[in-house]
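The values are calculated or read from the model by the stated rules, or taken from the named source; none is laboratory data. The model shown is predicted, which means the values in this text are computed figures rather than measured ones. Every residue, glycine as well, gets a Cβ built from its backbone with ideal geometry; the counts of neighbours run over all protein chains shown.
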Amino acid sequence: MITLGLDPSLTGFGWCVHDSSKFGPERVIARGVQKTSPKEVFVTRYMALRALVDRLLDAYPQIGGVGVESPIFGATFSSGAYALFVMVNESVYKHRKDVVYFDPSTVKFLTKLDPNVRKGEMRKSDMVAAARADTGIKGRLTHDEADAYHVARFAARFWELDRGLLIEADLVPSEKHTFLRTHTYVKGKRAGQTVKSGTMFREGDRFFRFSLLETTPK
């Protein structure tokens, strides 16, 4: 499956077009980083990055799904990052591409359980090292591109599972936990109740099938 991974940022917007059917460097069809300057009028920065996503989706119509690193919420919430997230999704929606969201901690969780990656906290250099280990890329690779690569490859795994190209037995433990996590209470008032919190059970929140929507919104 061809997927587009996006790591939205006003200062360094990483992107990667990934082919899950290939191995080594051929897994990466294209990658890059687009920067904008804080000296620009703020709205033009958002417009330029939305235009980037438009160009990528136009240039690679074979993209079967998109993965986007979603903003951090809570105490570290950034209104600027959320605004960019919305504009990115406007482009994805316009092109009617299915999209799944991974927050930064989930991307690191999925990546660090790779047997080729160090244990413990994943720093930027570790994310780059993990991308190199998975692809064999030896040239320059920025942390923005590495993050986008990981988002793209886990988006491919998610959409392949969703479409029946993978089954649960094909997943590594971190993917199973993230995509299909469930919890059954054994004590208290909720004893016997099962909560499905994995990404696969959160359509309309952590993923959207935009491809199924009408071409012209009402």
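Residue-by-condition table, conditions (1) in a helix (DSSP H, G or I); (2) at pLDDT 95 or above; (3) of a type in the set (Asp, Glu):
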{"position": "Gly67", "(1), (2), (3)": "no, yes, no"}
{"position": "Val88", "(1), (2), (3)": "yes, yes, no"}
{"position": "Ser91", "(1), (2), (3)": "yes, yes, no"}
{"position": "Arg96", "(1), (2), (3)": "no, yes, no"}
{"position": "Tyr101", "(1), (2), (3)": "no, yes, no"}
{"position": "Lys108", "(1), (2), (3)": "yes, no, no"}
{"position": "Pro115", "(1), (2), (3)": "no, no, no"}
Self-check item: Test: Val186 is modelled with pLDDT under 95, among the hydrophobic types (A, V, I, L, M, F, W, C) and touching a helix residue (DSSP H, G or I) at 6+ places or on another chain (Cβ under 9 Å)
Solution: no
Exercise. Report the residue count in the stretch 178-200 for those that are in contact with a Leu (Cβ under 9 Å, 6 or more places away or on another chain) and over 21 Å from Val92 (Cα atoms).
Key: 5
Self-check item: Residue ID - surrounded by the most Cβ atoms within 10 Å (Cβ to Cβ), chosen from residues in the stretch 177-196 that are farther than 20 Å from Asp162 by Cα and hydroxyl-bearing (Ser, Thr, Tyr)
Solution: Tyr185
Self-check item: Residues (assigned to a helix (DSSP H, G or I) and either within 15 Å of the chain's Cα centre (by Cα) or at pLDDT below 95 (or both)) located in the stretch 169-181
Solution: Pro173, Ser174, Glu175, Lys176, His177, Thr178, Phe179
Quiz item: What pairs can you find where one residue is in the stretch 165-181 and under 20 Å from Thr194 (Cα atoms), the other is surrounded by 12 or more Cβ atoms within 10 Å (Cβ to Cβ) and among the basic types (Lys, Arg), and their Cβ atoms are less than 6 Å apart, with a gap of 6+ or different chains?
Solution: Glu175/Arg157
Quiz item: What about Arg157, is it touching a residue at least 24 places away in the same chain (Cβ under 8 Å), out of contact with any Phe, Trp or Tyr (no Cβ under 6 Å at 6 or more places or on another chain), part of a helix (DSSP H, G or I) and of a type in the set (Lys, Arg)?
Solution: yes
Quiz item: When you go through (1) within 12 Å of Val99 (Cα to Cα); (2) surrounded by 11 or more Cβ atoms within 10 Å (Cβ to Cβ); (3) free of Cβ contacts under 8 Å to residues at least 12 places away in the same chain one by one for Phe207, which number turns out not to apply?
Solution: (3)
Quiz item: Within the set of pairs 6 or more residues apart or between chains, which connect a residue that is at positive phi inside the stretch 189-203 to a residue that is outside any loop (DSSP other than H, G, I, E, B) with Cβ atoms less than 8 Å apart?
Solution: Gly192/Thr184
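Kindly indicate whether Leu52 is under 18 Å from Val86 (Cα atoms) and touching a helix residue (DSSP H, G or I) at 6+ places or on another chain (Cβ under 6 Å).
When the stated conditions are applied, Leu52 does not pass them.
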